[in-house]
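**Student:** Below: one structure in structure tokens.
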Amino acid sequence: MSEVLLEKVGKVFPNGFRAVSDVNVEVNDKEFVVLVGPSGCGKTTTLRMIAGLEEITDGTIKIGGRVVNDVEPKDRDIAMVFQNYALYPHMSVYENMAFGLKLRKTPKAEIKKRVDEAARILGIEQLLDRKPKQLSGGQRQRVAVGRAIVRNPKVFLFDEPLSNLDAKLRVQMRAELKRLHQNLEATIVYVTHDQVEAMTMADKIVIMKDGVIQQIGDPYTVYFEPRNIFVAGFIGTPAMNFINGRLKRRDGKIWFAKEGFEVAVPDKLSKALEKYKDEDVLLGIRPEDMYDKMFAKDVKDEFTVTGECEVVEPLGSETLIHARIGDDEVVAKVDPKTRAEAGSKMDLVLDMTMAHVFDKQTEENVLFGKHSLEEFKA
């Protein structure tokens, strides 16, 4: 079994800076887990502690059921792929991939077998005689992954391996790494600051901020059920909109209100919001849950707001509208046939069944756990 278990793991550097606090993560056998968050959130430090490149200050790390707190990196049976690939420039692709096995005095026949198999999986058989300087960025990335594959480790660790690639190649390599994981049935811990990489590749996402885990869950859960404002704003492109307002009860309903408009809260969510009546809150609504009223059917006025369109971004399959509602700026992802123009007023329909409400003091999602994930998946 190749599971990884972090129990109350923390890291304090000699200067007193606490980089990671009370991290509890379970990476199951054959699972693809992504640590994601902004720069400085502690994700790479956590990965380096798993690898043994950083000593842990608190807690326990287990790999394959064995406590590895004091085990040297070379003895942890892990393979790491770095951001800069770390290829030896004077060696051929074959020699780079075989280097680790040679150090372990693996028989030459076994080395050739493993390198040839890894090259076949990655589609780089024709590159084995080349030097790194003769390779493109994507090819170098494949070689770095191949060097890890030949080790046949218990766990693969990836530290932002796609960050040096251009946008088109990153999309291609995301799919290739996901396919590679499926073929190898490997346990992978992957670090990135790119939430799109996390959403498209992970079985489980660990979202970090300031060295503390904010939420752990599969892509559906962290997207549709964000635990707090940070997770809601970090996951999703464009980011979730946040609108300041107050909850009120009128005509037997809960309403979200601010100067200039009111929108009704669906009955199925009202009970959870009752105790926030007459309090200031943040309404969270994703761009794809806001519609141009001209293209919405059977719309009730109680779910419609008027905004001032400031910027229109046509993307072909959809159009992004940057609008202002009162003193709040929002982005709506609407039908590409919209007639909205910068400087004009437009009516936007809010799908309040998909809305979230956040406590302004704690920044927690008041409706956490109130939405049906199965409904979203359907």
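The values are calculated or read from the model by the stated rules, or taken from the named source; none is laboratory data. None of the values given here were measured: they were computed from a predicted structure. As a convention, Cβ positions derive from the backbone with ideal geometry for all residues, glycine included, and neighbour counts pool all protein chains shown. Surface areas here come from the heavy atoms of the whole protein model, side chains and all, with no ligands, DNA or RNA. Shrake-Rupley method; radii C 1.70, N 1.55, O 1.52, S 1.80 Å.
**Student:** If you find the alpha carbon centre of region 236-286 and of region 1-71, how far apart are they in angstrom?
**Tutor:** About 39 Å separates the Cα centre of region 236-286 from the one of region 1-71.
**Student:** Let me ask something else about it. Find, to one decimal place in angstroms, the Kirkwood hydrodynamic radius of the chain, where the mean of 1/r is taken over every pair of different Cα atoms and then inverted.
**Tutor:** Mean inverse Cα-Cα distance, inverted, gives 23.3 Å.
**Student:** Projected onto the charge dipole of region 20-83 (+1 at Lys/Arg Cβ, -1 at Asp/Glu Cβ, origin at the Cα centre), which of F32, V68, L47 gives the Cα projection farthest towards the positive end?
**Tutor:** It is F32.
**Student:** Can you tell me which of S270, S136, S21 moves the most in a GNM of the chain? Springs connect C-alpha atoms under 10 Å apart.
**Tutor:** S136
**Student:** What share of the DSSP beta bridges in the chain is antiparallel, in percent to the nearest 5? All intermediate terms of the calculation are to be shown ahead of the outcome.
**Tutor:** On the way: 60 of 78 bridges.
Percent antiparallel among DSSP bridges in the chain is about 75.
**Student:** Of all the accessible heavy-atom surface of region 249-334, with the other protein chains kept in place and a 1.4 Å probe, what percent is carbon and sulfur?
**Tutor:** 46
**Student:** Also: Around M91, with a cut-off of 12 angstrom between Cβ atoms, what is the net charge of the other residues, counting Lys and Arg +1 and Asp and Glu -1? Present the calculation step by step, with values, prior to reporting the outcome.
**Tutor:** Numbers: positive: K102, R130, K131, K133, R147; negative: E95, D129.
Local charge sum for M91: +3.
**Student:** Separate question: Which entries in the list K30/K108; K11/K133; K74/K108 go over 32 Å, if you measure between the two C-alpha atoms of each?
**Tutor:** Details: K30/K108 29 Å; K11/K133 37 Å; K74/K108 21 Å.
Flagged as over cut-off: K11/K133.
**Student:** Separate question: What is the magnitude of the charge dipole of region 126-255 about its Cα centre, with +1 placed on the Cβ of each Lys and Arg, -1 on the Cβ of each Asp and Glu, and no other charges, expressed in debye to the nearest 20?
**Tutor:** It comes to approximately 180 debye.
**Student:** For Cα pairs less than 8 Å apart in space and 6+ apart in sequence, what is the mean separation divided by the residue count of region 82-181, i.e. the relative contact order in percent? Intermediate results must be reported in sequence, preceding the final value.
**Tutor:** Values: 94 pairs, mean separation 40.4, N = 100.
Over region 82-181, the number comes to 40 percent.
**Student:** Expressed as a whole percentage, what fraction of the accessible surface of region 114-237 belongs to carbon and sulfur atoms when a 1.4 Å probe is rolled over the protein heavy atoms?
**Tutor:** C and S fraction of accessible area: 46 percent.
**Student:** Sorting check: for 93-104, 316-327, which peptide has the highest mean count of neighbouring beta carbons within 10 Å, and how do the rest follow? Could you put the intermediate results ahead of the total?
**Tutor:** On the way: 93-104: 18.3, 316-327: 15.5.
Sorting 93-104, 316-327 by mean packing, highest first, produces 93-104, 316-327.
**Student:** State in Å² the accessible area per residue of the chain; use a 1.4 Å probe, count heavy atoms of protein chains only, and round to the nearest integer.
**Tutor:** The answer is 48 Å² per residue.
**Student:** Would you kindly calculate the mean projected area, averaged across all directions, of the convex hull enclosing the Cα atoms of region 240-309, in square nanometres?
**Tutor:** About 5.4 nm², averaged over all directions.
**Student:** Right, next: Relative contact order, percent, of the chain when contacts are C-alpha pairs under 8 Å separated by at least 6 residues?
**Tutor:** 15
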